[in-house]
Structures are given as C-alpha cells and as structure tokens.
Amino acid sequence: MTNKSQFLIYCIQKYSQIKKMQGADVVDLFEKYNLQDYILEFSELIQTQGDLAIIAELDEFIRVRQDNH
C-alpha cells in the first residue's frame, strides 16, 4: 500500500471519527464528490495540516461542489 493510499484511509477514519459518521457513509460521501481523487493528488500538501484543518478543507471541497450542482 502506498503512502498516498494510507493517507486516504487516515482521512476517511478521521472524517468518520470527527463527524461521527459510519466509515461506509464517509466512503460514499467521498466517492460522490470525488474527494478520494483530490486527497490522492494533493496528499503531500494536505498531510502537512492538522486533523481539524484537514476536515475543514474536505468540508470546503464538498461545499463548493454542492454549490455548483
């Protein structure tokens, strides 16, 4: 498993924990908004942030896509 894949799993786990969501629901959410692609592409930059900043960035990513639909 690559470091990028491990970081994606970490993001899913942290998002699930902080948002009090089931892991499967987080995976569905990430797939709906293509967050997994974003995380994998920018993992080196994202992982320099703290957990709450990562969650806030992911929430902003989702919000922008929701507004564009």
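Restricted to helices (runs of 4 or more DSSP H) entirely inside the chain, those with at least 1 residues that are aromatic (Phe, Trp, Tyr) are 3-19, 23-32, 35-41, 51-67.
Scanning segment 27-36 turns up no residue that is of a type outside the set (Phe, Trp, Tyr) and over 13 Å from the mean Cα position of the chain (by Cα).
Quick note: the coordinates plus some simple rules give every number you see, no bench work behind them. Worth saying up front: this structure is predicted, and the values here are computed from it rather than measured.
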